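The values are calculated or read from the model by the stated rules, or taken from the named source; none is laboratory data. Just so you know, these numbers come straight off a predicted model, no measurement behind them. Neighbour counts are summed over all protein chains in view; Cβ atoms, including those assigned to glycine, are modelled from backbone coordinates with ideal geometry.
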Amino acid sequence: MKVRTRFAPSPTGYLHIGGVRTALYSWLYAKKKNGEFILRIEDTDLERSTPEAVDIILEGLHWLGLSWDEGPFYQSQRLARYQAVLNQLLSEDKAYRCYCSKERLSALREEQLQQQKKPRYDGHCRDRKTVIANQPFVIRFRNPLEGEVVVADQVHGDVRFQNQELDDLIIARSDGSPTYNFTVVVDDWDMQITHVIRGDDHLNNTPRQINLLLALGAHLPIYAHVPMILGPDGKKLSKRQGAANVLEYREEGYLADALLNYLVRLGWSHGDQEIFSREEIINFFDIADLNKSPAAINPDKLSWLNQHYLKTDDPKQITQLLEKEMQQLGINTQGKDSPDLQDVVMLQRERVKTLREMAEKSRFFYEADFSVPQTFPADILSALKALQAQFIQLNDWTNESLHHALVETAAQFSLKLGKLAPALRLVVTGTSVSPPINVTLHLLGKKEVLARMEKALV
Ligand code: GLU
């Protein structure tokens, strides 16, 4: 049997890292088993679903390279199919019309709560044989009254639910629209999903979905309910900590591979290994190794992984991404005499954690409109001027000769290199942090360095 997994987001908010991780696990399992990964947009909640949220989902998955083999299928385009299955269930007496009024249901609920019982539908319309004309109704699924449903969950083990605890689920509202658990079931069935991998906030829905699938004569998928992702404090993940739009990670300069590597480890492990190539993740991934307990996010680890990928990925690729990031910051890297951006990447990638940081810290290579934030003591100023004179004469603009010039001038003025180099750095970069000064000078080029010195040392 061909493995078929799916990612079934509701486009009612941002695609956040919890959703992406579920998508990743489903995608990985399909890849590993040479199966198919299906994308399904669960947009039946017309009021809360937005096209913007759909775009973010598609773009987020695209950015991360989680490509789907089928879809995206939109539930809003499958309403006729749901209607047909509702009719089938009604005609087979597996579902029934319920005419109970809101008032009756809320009185029932009050009474149950007063008796300290769990509120549930009492089956009032379950055995009604007649159809009442011109009266609004919902459609309820005729859930078995006895027995139990065992969810043979791949993460949590067997989880048992008593049918007595499950009341007759509403599968269509009074306006005829199908409800969540029902559409998921019809879709998982129609799309021949073999493995449902999703957040364990859905575990309680699963016995209801299983009963519906059984009533339809459908093959049951294998379920794996993945524990939630927690904040670094072990509490519910907040927006600020990572529950926000996953595309913000891209904005902030994280690499897709780093984020994937980070996310796969939030809930899955393979020995002590931390760094995985995409191929390795696909090869090593197994549902059996998903963790049972929730994982807490760890922003430092994401930064560490991002730096690893910045350092080890193909510099050409990093250069392209940096170019985009520079553009976003309004920095033009295409000037005639500007340093080659790939050289900048090679210089900076050891020193920064994100592309954004790399872009910000490389601004000075392309823009000289900073002001030198300090006036220098007389001895340093003289040394800087002597250096300027020496640089004018220097034809061999290499790291070595630049270093040599600095050392020589420092000695000549009885200054420590540790005093002269930071001053020169301020003059040519406007900041106190940059790659080694001789390398920075080299990359800026003689003309630019002299222009900046000229401007600052009047
Ligand atoms: N649409 C559901 C959600 O976004 C997921 C349904 C499922 O995976 O079964 O939470």
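The residue that is farthest from ILE281 (Cα to Cα), among those in segment 60-76 that are aromatic (Phe, Trp, Tyr) and within 13 Å of the ligand (Cβ to nearest atom), is TYR74. The single condition among (1) surrounded by fewer than 19 Cβ atoms within 10 Å (Cβ to Cβ); (2) in a helix (DSSP H, G or I); (3) not basic (Lys, Arg) that GLU350 does not meet is (2).
Helices (runs of 4 or more DSSP H) fully within segment 359-458 that include at least 2 residues being within 46 Å of the chain's Cα centre (by Cα) and under 26 Å from LEU322 (Cβ atoms): 399-412, 417-429, 437-444, 446-456. Tallying residues that are within 16 Å of the ligand (Cβ to nearest atom) and either modelled with pLDDT of 85 or more or basic (Lys, Arg) (or both) within segment 220-244 yields 11.
Scanning segment 245-262 for residues that are closer than 18 Å to ARG198 by Cα and at pLDDT below 95 returns a single hit, VAL246. Restricting attention to segment 5-26, the residues being of a type in the set (Ser, Thr, Tyr) and under 17 Å from PRO227 (Cα atoms) number 3. Scan segment 435-452 for residues that are under 22 Å from PRO377 (Cβ atoms) and in contact with a Phe, Trp or Tyr (Cβ under 7 Å, 6 or more places away or on another chain) and the total you get is 1. Checking the structure you have, find out if any residue of segment 81-94 is within 15 Å of the ligand (Cβ to nearest atom), out of contact with any strand residue (DSSP E or B) (no Cβ under 7 Å at 6 or more places or on another chain) and among the β-branched types (Val, Ile, Thr). Checking segment 81-94: not a single residue is within 15 Å of the ligand (Cβ to nearest atom), out of contact with any strand residue (DSSP E or B) (no Cβ under 7 Å at 6 or more places or on another chain) and among the β-branched types (Val, Ile, Thr). The set of residues from segment 292-310 being surrounded by 15 or more Cβ atoms within 10 Å (Cβ to Cβ) and hydroxyl-bearing (Ser, Thr, Tyr) comprises SER303, TYR309. When the residues of segment 170-189 are filtered to those that are within 14 Å of the ligand (Cβ to nearest atom) and either out of contact with any helix residue (DSSP H, G or I) (no Cβ under 7 Å at 6 or more places or on another chain) or of a type in the set (Asp, Glu) (or both), the one that is farthest from LEU46 (Cα to Cα) is ASP188.
A quick yes/no check of all residues on (1) among the basic types (Lys, Arg); (2) within 12 Å of the ligand (Cβ to nearest atom); (3) closer than 26 Å to GLU251 by Cβ; (4) within 16 Å of the chain's Cα centre (by Cα):
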{"site": "GLY13", "(1), (2), (3), (4)": "no, yes, yes, yes"}
{"site": "THR22", "(1), (2), (3), (4)": "no, yes, yes, yes"}
{"site": "ARG40", "(1), (2), (3), (4)": "yes, yes, no, no"}
{"site": "ARG48", "(1), (2), (3), (4)": "yes, yes, yes, no"}
{"site": "GLU52", "(1), (2), (3), (4)": "no, no, yes, no"}
{"site": "LEU58", "(1), (2), (3), (4)": "no, no, yes, yes"}
{"site": "ARG78", "(1), (2), (3), (4)": "yes, no, no, no"}
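Screening ARG140 with (1) of a type outside the set (Asp, Glu); (2) closer than 17 Å to ASP93 by Cβ; (3) in contact (Cβ under 8 Å) with a residue 60 or more places away in the chain gives one miss only, at (3). For GLN320, the conditions (1) surrounded by 16 or more Cβ atoms within 10 Å (Cβ to Cβ); (2) at pLDDT 95 or above are fulfilled apart from (1).
What number of residues within segment 194-219 satisfy the criterion of being within 24 Å of the chain's Cα centre (by Cα) and more than 9 Å from the ligand (Cβ to nearest atom)? If you could, list the steps in order and put the result at the bottom.
Residues of segment 194-219 within 24 Å of the chain's Cα centre (by Cα): 195-203.
Still in the list and also more than 9 Å from the ligand (Cβ to nearest atom): 195, 200, 203.
Within segment 194-219, residues that are within 24 Å of the chain's Cα centre (by Cα) and more than 9 Å from the ligand (Cβ to nearest atom) number 3.
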